[in-house]
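One structure is given below, encoded as structure tokens.
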Amino acid sequence: MSFGHAPACDIRLNTALTPEQRELYQDTRVIRRLLAEAKTIAVVGLSTDKTKASNMVASYLQDEGYRVIPVHPRAESILGEKAYPNLKSIPFPVDVVDIFRPNTEVAGIVDEAIAIGAKAVWMQLRLYDLEAAAKAQRAGLSVVADRCIKMEHGRYSGALHWAGMNTEVVTAQRMRR
């Protein structure tokens, strides 16, 4: 029996981007900086259903100390926070716009993120638009695409090691916020 590299537990398998695209939109320095500096994360497409990925991710982010702002056109509140129908309705600054909407809606959400002066857009696993990502970067926003913000937080905080994931992070120190 071999206990060598276990591909099923390799975090790199969670992306569809080419190596060149990963360099542009999965830069570990950008990811670590966003996770360390962000305080307010607007989650576009945050579901009211606790079994949906967006709700689980947002709940995790709240537990980790981030202020999560739900963006949902019909909800009054989600996870104890007032919900807003769109990004432009949020009356205070947003650090990161985390996108949980279909690829066909990403470009419009990126346009709104640029318009409100967000510092970054985060396009969740398989929910990305590379043209919109490039537009966001040209507008001065940091961009992460085809990565899960919860998994990346767990990767750099040390939490995924306990689940047996090869995070490619070797350190004895926890991420500081």
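Read the figures in this text as sums done on the coordinates, not as results from a lab. Values in this document were obtained by computation on a predicted structure and should not be read as measured data. Every residue, glycine among them, receives a Cβ derived from its backbone with ideal geometry; neighbour counts consider all protein chains shown.
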Starting with the highest mean, order 28-35, 111-118, 92-99 by the number of other Cβ atoms within 10 Å, averaged over the residues of each peptide. 92-99, 111-118, 28-35
In the stretch 26-163 the DSSP beta bridges are antiparallel at a rate, in percent to nearest 5, of 10
Quick one: net charge of PRO93's neighbours, Cβ under 12 Å, K/R +1, D/E -1? +2
Sort 129-137, 82-90 for me by packing, meaning the mean count of neighbouring Cβ atoms within 10 Å per residue, highest on top. 129-137, 82-90
Cut-off under 5 Å, modelled amide H: who pairs with SER47 long-range: SER54, ASN55
Which distance in nm do the two modelled labels at ARG33 and PHE92 give, with both placed 7 Å along the Cα-to-Cβ direction? 2.5
Given a Förster distance of 30 angstrom, what is the FRET efficiency for LYS50 paired with ARG126, based on the Cβ-Cβ distance and rounded to 0.05? 0.90
Starting from the Cα gyration tensor of the stretch 29-143, multiply each eigenvalue by 5, take the square root, and state the resulting semi-axes largest first in whole Å. 20, 15, 14
Derived scalar couplings ³J(HN,Hα) [the stretch 91-97; Karplus, 6.51 cos²θ - 1.76 cosθ + 1.60; whole Hz; x for Gly, Pro]: x, 8, x, 10, 7, 10, 9
Please list 3J(HN,Hα) in residue order for the stretch 26-43, calculated via the Karplus relation 6.51 cos²θ - 1.76 cosθ + 1.60 where θ = phi - 60°; whole Hz, with x for glycine and proline. 9, 5, 4, 5, 5, 4, 4, 5, 4, 5, 7, 9, 5, 10, 10, 10, 8, 9
